[in-house]
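What follows is a short report on a single structure.
The values are calculated or read from the model by the stated rules, or taken from the named source; none is laboratory data. Values in this document were obtained by computation on a predicted structure and should not be read as measured data. Here Cβ is always computed from backbone atoms with ideal geometry, including for glycine, and neighbour counts include all displayed protein chains. Note: accessible area is taken over every heavy atom of the protein model, side chains too, but ligands, DNA and RNA are not part of it. Shrake-Rupley method; radii C 1.70, N 1.55, O 1.52, S 1.80 Å.
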Amino acid sequence: MTAMSGQVWVSLISLGGVALGGMLSYLVQHRTQLSAERAELQRQQSALSEARRAERLALLERFVEVSAEAERTAYTRPSEWEDTDAWYLTARDVMYRFWVADRLIRIQFLTPVCDAAHAHFLDLNRAVWEGLPDGESVRDYLEGNRSAFLDTARAAMG
């Protein structure tokens, strides 16, 4: 009977060891899975953040590019023009694209960048369509809000 009792205890201890080992194995696997899921989530968030940054940078590039075209249009503004003149047709196309770029900035950026971009847009819009008083330089007129926009955009992009 004592031999059988010893065998039962050995079997129970062995079974307890297997159960403990199984439980520890499960816990390690569970923790490893959670860690892998967290790492994947961080990777996805990082990829999304980088994609959004790239998209915002592309919008800024587009805005600056069209802004430069609008500025060239303002420099070449004739004192008088008709709706059929080549200058007007070019200016209309450029200013439409500039208007769209301004609205896209408003969609993707926070208020400081939006406001700075829109102020620059309004300056260029006035310079193109209304002209400037005699003696006023297009470059000097645009410099303040252009610089403010570029500085604000740089700060927003980090």
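Points to keep in mind about this one:
- Checking GLY21 against (1) surrounded by fewer than 10 Cβ atoms within 10 Å (Cβ to Cβ); (2) over 30 Å from LEU150 (Cβ atoms), the condition it does not meet: (1)
- Among the residues of region 75-87, those identified as part of a loop (DSSP other than H, G, I, E, B) and either of a type outside the set (Gly, Ala, Ser) or surrounded by 12 or more Cβ atoms within 10 Å (Cβ to Cβ) (or both) are THR76, ARG77, PRO78, GLU80, TRP81, GLU82, ASP83, THR84, ASP85.
- Here ALA101 fits the description: touching a residue at least 12 places away in the same chain (Cβ under 8 Å), under 18 Å from GLU61 (Cβ atoms), touching a Ser or Thr at 6+ places or on another chain (Cβ under 9 Å) and surrounded by 14 or more Cβ atoms within 10 Å (Cβ to Cβ).
- Of the residues making up region 111-126, those that are open to solvent by 10 Å² or more (accessible area, probe 1.4 Å) and among the aliphatic types (A, V, I, L, M) are ALA116, ALA119, LEU122.
- Taken as a whole, the structure leaves THR90 outside the set of residues that are hydroxyl-bearing (Ser, Thr, Tyr) and surrounded by fewer than 10 Cβ atoms within 10 Å (Cβ to Cβ).
- The residues listed here are LEU34, LEU60; of these, the one that is touching a residue at least 60 places away in the same chain (Cβ under 8 Å) and either among the β-branched types (Val, Ile, Thr) or in a helix (DSSP H, G or I) (or both) is LEU60.
- Test for SER137: is it without any contact (Cβ under 8 Å) to a residue 12 or more places away in the chain, closer than 26 Å to ARG53 by Cβ, of a type in the set (S, T, N, Q) and open to solvent by 30 Å² or more (accessible area, probe 1.4 Å): no
- When ALA117, ALA47 are screened for being under 30 Å from ALA156 (Cβ atoms) and touching a helix residue (DSSP H, G or I) at 6+ places or on another chain (Cβ under 8 Å), only ALA117 passes.
- Any hit, region 42-51, residues being open to solvent by 50 Å² or more (accessible area, probe 1.4 Å), under 19 Å from VAL113 (Cα atoms) and among the polar types (S, T, N, Q): yes
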